[in-house]
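Working notes, structure below.
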Amino acid sequence: RTELALKETMSSGGAEDDIPQAERKTVTDFCYLLDKSKQLFNGLRDLPQYGQKQWQSYFGRTFDVYTKLWKFQQQHRQVLDNRYGLKRWQIGEIASKIGQLYYHYYLRTSETSYLNEAFSFYSAIRQRSYYSQVNKEDRPELVVKKLRYYARFIVVCLLLNKMDVVKDLVKELSDEIEDYTHRFNTEDQVEWNLVLQEVAAFIEADPVMVLNDDNTIVITSNRLSETGAPLLEQGMIVGQLALADALIIGNCNNQVKFSELTIDMFRMLQALEREPMNLASQMNKPGMQESTEKPARRENPHKYLLYKPTFSQLYTFLAASFKELPANSVLLIYLSATGVFPSGRSDSEGPYDFGGVLTNSNRDIINGDALHKRNQSYKEMHCLHPGDLYPFTRKPLFIIVDSSNSVAYKNFTNLFGQPLVCLLSPTAYPKALQDQSQRGSLFTLFLNNPLMAFLFVSGLSSMRRGLWEKCQDYLRKINRDIAQLLTHSRSIDQSFLQFFGDEFLRLLLTRFVFCSATMRMHKIFRETRNYPESYPQLPRDETVENPHLQKHILELASILDVRNVFLENTLDDY
């Protein structure tokens, strides 16, 4: 390739001998680094997706080469322009690959700061118009590279809540797709238009808009901030367990999604992350900091994002997480999936008799279905049953099930005496509540952004920033009080308190109680199946039906002028 590059240069001007040795070496070194970087980048695909240690040294080497390549082309741009014919889109490709590396590093470490790094490389490509000349070349594969860059940039912006940038990118991508399909008459037009539709639906998934005085939309972040989780009181006795790993699983039919992230997965992953910090000081290589540098605060829990996994994929990742879980740590499993109900009648009430949630089937299972119809005594195969999780209760396990059959997990048994909690969504929502299921589950919204969920069930679709901030302050007070209710309760199961030392789990538990109390007080949530449940059960009178908490909820409703939506004398109704 190097010789070819040099020969092409020479055929256009001068003889080969005219090229100074130093310049020849520059081109040779550049070609070597470029080939090496591509080789290492392609090798990333072959690394196992699970297991937290095997990949780090390989990623480190890949980063090394890309850092050298990037600096090399900056230092020798003039020679590479003249002798190699370096094009701007090729520089864009290198920057794009570095952006992808940072993004994948984020996926593997859950460290949100790497998203900022991916963003800065993707932004540079756009600001410096590296891909602008691509449309002049008669090569559709180059235009596809540009379109893919846009799609990847959009994902990073969504994860960083940079919605203004997302809207600009979507507009640019739309124009690029139109130009691409017009010029090349390709078969992938439908796929690219689907990408646009998906991202448009994703942006509009939030049911409530928070507005500035000039009617621009306020971007709210739902990651854990310094003031996010209620602080523990002095002397409060809670467990010392820390959330170390999470599986976030999305398998809902027809829920808004973008790039293998359903809106529920997107919301839950943010509930398990801290606000990103800038990484500028430690740019070069993730994972390569000196061990003397102690992080100023605890890291985010590691997580796996599984979109529509098969049973075997789900079990493989679950086993890997379980195996690598450090001592005194918790594994969280979040299931947002379509309910699977038992097909036959069962005389027993075991962990495989209540159905569960859907897992994906890779192949056409007509034969399997036929077998089912012949024999009703078989259990559902493409389903994660409560019993499937039993082996993993040998370590502390925190389960969240958002499904129309979440109650299947109410029949859990704690076999090994380890801390175990299941938070279960309502199995149905009132008909009078406008169906929002495509735009994400209400239960998950309560766990991610409780104020937005509260506004939605109160019938509000927009709100001024000042009022929003006032309500957020009040909600923080409610969370503090819920934390006290839980820790002061005399009859609460100890599992809840063993998880309460972890900030993320503490916030999820207090939001769960707020969600449950809100739904129990709401005038249109009148059936048992409209309420969240938990295993073990919470003592209702001390938590979700506590008069002190109910008074707070009515107070929040008064601030919003929606008190009429809630029952005043809820205690008399039970």
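The values are calculated or read from the model by the stated rules, or taken from the named source; none is laboratory data. Note that the coordinates shown come from a computational prediction; the quantities given were computed from them, not determined experimentally. With ideal geometry, Cβ positions are generated from the backbone for all residues, glycine too; neighbour counts draw on all protein chains shown. Side chains included, ligands, DNA and RNA excluded: accessible areas come from the protein's heavy atoms. Shrake-Rupley method; radii C 1.70, N 1.55, O 1.52, S 1.80 Å.
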Subject >> Candidates 171, 97 - the one that is within 22 Å of the chain's Cα centre (by Cα) and either surrounded by fewer than 18 Cβ atoms within 10 Å (Cβ to Cβ) or on the phi < 0 side of the Ramachandran plot (or both) >> reply: 97
**OP:** Determine which single condition residue 164 fails, assuming it passes every other condition in (1) assigned to a helix (DSSP H, G or I); (2) open to solvent by 20 Å² or more (accessible area, probe 1.4 Å); (3) over 30 Å from residue 61 (Cβ atoms); (4) in contact with a helix residue (DSSP H, G or I) (Cβ under 7 Å, 6 or more places away or on another chain).
**Re:** (4)
Subject >> Breaking point among (1) modelled with pLDDT of 90 or more; (2) more than 22 Å from residue 437 (Cα to Cα); (3) in a helix (DSSP H, G or I), for residue 267 >> reply: (2)
**OP:** Name every residue in segment 431-464 that is more than 17 Å from the chain's Cα centre (by Cα), farther than 20 Å from residue 566 by Cβ and open to solvent by less than 10 Å² (accessible area, probe 1.4 Å), in order of residue number.
**Re:** none
Original post:
If you go through segment 113-123 one residue at a time, do you hit one that is assigned to a helix (DSSP H, G or I), modelled with pLDDT of 95 or more and among the aliphatic types (A, V, I, L, M)?
Top reply: yes
**OP:** Please verify whether segment 26-36 includes one or more residues that are surrounded by 17 or more Cβ atoms within 10 Å (Cβ to Cβ), at pLDDT 90 or above, not acidic (Asp, Glu) and not in a helix (DSSP H, G or I).
**Re:** no
Original post:
Of all the residues that make up segment 204-230, how many are open to solvent by 40 Å² or more (accessible area, probe 1.4 Å), under 25 Å from the mean Cα position of the chain (by Cα) and either within 30 Å of residue 487 (Cα to Cα) or among the acidic types (Asp, Glu) (or both)?
Top reply: 6
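Does at least one position in segment 423-439 carry a residue that is free of Cβ contacts under 8 Å to residues at least 40 places away in the same chain and under 24 Å from residue 550 (Cβ atoms)? Before you say what the answer is, go through the steps one by one.
Applying the first criterion (free of Cβ contacts under 8 Å to residues at least 40 places away in the same chain) to segment 423-439 yields 431, 434-435.
Going one step further and asking which of them are under 24 Å from residue 550 (Cβ atoms), we end up with none.
Within segment 423-439, none of the residues are free of Cβ contacts under 8 Å to residues at least 40 places away in the same chain and under 24 Å from residue 550 (Cβ atoms).
Just to be sure, is residue 490 in the same structural domain as residue 419 (by the TED database) and surrounded by fewer than 22 Cβ atoms within 10 Å (Cβ to Cβ)? Quick ask: steps written out before the conclusion?
Details: in the same structural domain as residue 419 (by the TED database): yes; surrounded by fewer than 22 Cβ atoms within 10 Å (Cβ to Cβ): yes.
The answer is yes for residue 490.
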Original post:
Has segment 465-476 got at least one residue that is farther than 21 Å from residue 563 by Cβ, assigned to a helix (DSSP H, G or I) and open to solvent by less than 50 Å² (accessible area, probe 1.4 Å)?
Top reply: no
Subject >> Contacts under 7 angstrom Cβ, first residue in segment 174-203 being closer than 18 Å to residue 262 by Cβ and not assigned by the TED database to the domain that holds residue 155, partner among the aromatic types (Phe, Trp, Tyr) and open to solvent by less than 30 Å² (accessible area, probe 1.4 Å), 6 or more apart >> reply: none
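Can you confirm whether residue 304 is at pLDDT 90 or above, aromatic (Phe, Trp, Tyr), under 20 Å from the mean Cα position of the chain (by Cα) and under 20 Å from residue 113 (Cα atoms)? Give the derivation first.
Numbers: at pLDDT 90 or above: yes; aromatic (Phe, Trp, Tyr): yes; under 20 Å from the mean Cα position of the chain (by Cα): yes; under 20 Å from residue 113 (Cα atoms): yes.
Spelling it out, residue 304 is indeed at pLDDT 90 or above, aromatic (Phe, Trp, Tyr), under 20 Å from the mean Cα position of the chain (by Cα) and under 20 Å from residue 113 (Cα atoms).
Scan segment 204-214 for residues that are over 14 Å from residue 466 (Cβ atoms) and either free of Cβ contacts under 8 Å to residues at least 12 places away in the same chain or not in a loop (DSSP other than H, G, I, E, B) (or both) and jot them down.
Step one: of segment 204-214, the residues over 14 Å from residue 466 (Cβ atoms) are 204-209.
Selection gives 209 alone.
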Subject >> Sole exception among (1) open to solvent by 80 Å² or more (accessible area, probe 1.4 Å); (2) part of a loop (DSSP other than H, G, I, E, B); (3) not hydroxyl-bearing (Ser, Thr, Tyr) for residue 61, by number >> reply: (2)
Original post:
Assuming residue 52 fulfils every condition listed in (1) touching a strand residue (DSSP E or B) at 6+ places or on another chain (Cβ under 7 Å); (2) surrounded by 18 or more Cβ atoms within 10 Å (Cβ to Cβ); (3) at pLDDT below 90 apart from one, which condition is it?
Top reply: (2)
**OP:** Kindly indicate whether any position in segment 466-483 is modelled with pLDDT under 95 and at positive phi.
**Re:** no
**OP:** Just give me the residues in segment 148-174 being closer than 21 Å to residue 132 by Cα and of a type in the set (D, E, K, R), in sequence order.
**Re:** 148, 152, 167, 168, 171, 172
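Given 84, 106, 102, 122, which one is open to solvent by 20 Å² or more (accessible area, probe 1.4 Å) and of a type in the set (Phe, Trp, Tyr)? Steps first, please.
On the way: 106 fails: open to solvent by 20 Å² or more (accessible area, probe 1.4 Å); 102 fails: open to solvent by 20 Å² or more (accessible area, probe 1.4 Å); 122 fails: open to solvent by 20 Å² or more (accessible area, probe 1.4 Å).
Just one listed residue meets the conditions, 84.
Can you name every residue in segment 499-527 that is assigned to a loop (DSSP other than H, G, I, E, B) and either without any contact (Cβ under 8 Å) to a residue 40 or more places away in the chain or open to solvent by 10 Å² or more (accessible area, probe 1.4 Å) (or both)? If you could, list the steps in order and put the result at the bottom.
Taking segment 499-527 as the starting set, the residues that turn out to be assigned to a loop (DSSP other than H, G, I, E, B) are 499-502, 523-527.
Result: 501, 523, 524, 526, 527.
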Subject >> Residues of segment 405-429 that turn out to be open to solvent by 10 Å² or more (accessible area, probe 1.4 Å), among the β-branched types (Val, Ile, Thr) and within 23 Å of residue 518 (Cβ to Cβ), as a count >> reply: 2
Subject >> Residues within segment 381-402 that are open to solvent by 10 Å² or more (accessible area, probe 1.4 Å) and in a loop (DSSP other than H, G, I, E, B), tallied >> reply: 4
